[in-house]
1. Six or more apart or on different chains, Cβ under 7 Å: which pairs go from a residue in segment 21-43 that's under 26 Å from L290 (Cβ atoms) to one that's among the charged types (D, E, K, R) and assigned to a loop (DSSP other than H, G, I, E, B)? Could you list them?
2. Here are the criteria: (1) outside the structural domain of R331 (by TED's automatic domain parsing); (2) out of contact with any Pro (no Cβ under 8 Å at 6 or more places or on another chain); (3) away from the ligand (no atom under 16 Å from the Cβ); (4) modelled with pLDDT of 95 or more. Tell me which single one V108 does not satisfy.
3. If a residue must be within 16 Å of R229 (Cβ to Cβ) and surrounded by fewer than 20 Cβ atoms within 10 Å (Cβ to Cβ), how many such residues does segment 257-276 contain?
4. Working carefully through the options A115, A155, A133, find the one that is surrounded by 18 or more Cβ atoms within 10 Å (Cβ to Cβ), small (G, A, S) and not assigned by TED's automatic domain parsing to the domain that holds G342.
5. (1) closer than 30 Å to S266 by Cβ; (2) away from the ligand (no atom under 16 Å from the Cβ); (3) at pLDDT 95 or above; (4) within 21 Å of the chain's Cα centre (by Cα): which one isn't true of T45, the others all being true?
6. Inside segment 119-228, counting only strands (runs of 3 or more DSSP E) that do not spill past its ends, which hold 3 or more residues that are within 16 Å of the ligand (Cβ to nearest atom)?
7. Quick one: which helices (runs of 4 or more DSSP H) sit completely within segment 253-372 and have at least 1 residues that are of a type in the set (F, W, Y)?
8. Tell me which residues, restricted to segment 229-238, are more than 9 Å from the ligand (Cβ to nearest atom) and of a type outside the set (A, V, I, L, M).
Amino acid sequence: MSDTIQPFTPGGAPAARAAVEQLKAYSAPLEGRRHMLRLDFNENTIGPSPLVAQALRNFSTEEIAVYPEYDGLREALLQNLVETGCRPGLKPAQVGLFNGVDAAIHAVLQAYGDAGETLLTTAPTFGYYSPCAGMQGMTIKAISYEGETFDFPLAAIQEALAARTPRLLLICNPNNPTGTRLPADQVIALAASAPGTLVVVDELYEAFTGDSVLPSADFTATPNLLVFRSLAKTAGLAGLRIGFAIGHADVVDRVSRVTGPYDVNSVAVAAAFAALADQSYVDAYVAEVLRARDWTVEALLQADVRHHCDGGNYLLIWPRRSVEEIDAALRSEGILIRSMAGKPLIDGCFRVSIGTTSQMQRFMEAYLSIDP
Ligand SMILES: Cc1ncc(COP(=O)(O)O)c(C=O)c1O
């Protein structure tokens, strides 16, 4: 690979590592989103608990001046996990703190992915896994979801795990963007079947399905299982960047070795304490999104619009007009959606995040007037 890389970029600057020169950066259309109805990034559409706003108002200048302290945050997460159905007994050393799950993905790939090794995953899935594997020079084997309902390709994954023992298996559960769900016992069975593979399950949207492995995982029996959780989406802290990796203490230790000592900032820590202390706020938001999702599916059925809805706070819609036209027309109405153009299996559709029922009523009214 390095033979083909020039020592300089076309602009005359020093070239990066060969793997980086070949990388296509993961970019997301993030500009100009303020004051819009943002149904494009699966964020919380109403904002975090009032306790978070209060914690931020109370944030002192002293706290700004000193490096962050993480005392008690791992314990607060563990307590919150027990409150939400996970079995007690996990230790703080089994929790890694990251600058969002994005940073956790990056760190896992840095810690575990060597050039030439394989990342096994699914397609289409969350877009940041591939560039993180690519920057390590890894080979990516992405197995397609199956059929019109985008079923999890369990047999093909089992076969790929047995055949070549990939270094890593990354499963997004439920999958973004297809919503595909894999029961927790099947995730654990995959990990148990392949002790030489680190099996990472990205549970960013599990609050909408309840399919988490955490209530039943035994990290002593399956030390190769690692779970991602984030406060970005359900708790509404996407802008502050805080996420967690939970697993065997040795794995958490290895993944944490490749991060800086103060990567998670103090504001995010203060907000995380407040968000974790107000689970009832998150529960109420999730319940409203699930109601809004049912309402939206019913409206799509009534209007005879092709769509696909499974787990998660999002669904896919195949418009009659082109996605580009729909995207532009909705944007002019102040509503953002995410085109899935170029994604395997789902090219030609768009993903719409689910907000509250009134937000989805606004979306449906605008959408049906644009694409009747
Ligand atoms: C499946 C999945 N994993 C991880 C992330 C990133 O999460 P965070 O905001 O915690 O970095 C996203 C964000 O869209 C996602 O959809």
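1. N42/K233; E43/K233
2. (3)
3. Keep residues of segment 257-276 that are within 16 Å of R229 (Cβ to Cβ), which gives 264, 268-269, 271-273, 275-276.
Those left that are additionally surrounded by fewer than 20 Cβ atoms within 10 Å (Cβ to Cβ): 273.
Looking only at that region, the number is 1.
4. Values: A115 fails: surrounded by 18 or more Cβ atoms within 10 Å (Cβ to Cβ); A155 fails: surrounded by 18 or more Cβ atoms within 10 Å (Cβ to Cβ).
Unique residue meeting the criteria: A133.
5. (2)
6. Working: elements: 139-144, 168-172, 198-202.
The qualifying strands (runs of 3 or more DSSP E) are 168-172, 198-202.
7. Details: elements: 266-276, 279-302, 323-332, 357-370.
Answer list for segment 253-372: 266-276, 279-302, 357-370.
8. Going through segment 229-238, the residues more than 9 Å from the ligand (Cβ to nearest atom) turn out to be 234-236.
Listed by number, the residues that qualify are T234, G236.
The values are calculated or read from the model by the stated rules, or taken from the named source; none is laboratory data. None of these values were measured; they are calculated from a predicted model. Note that we place each Cβ from the backbone using ideal geometry, even for glycine, and neighbour counts take in every protein chain shown.
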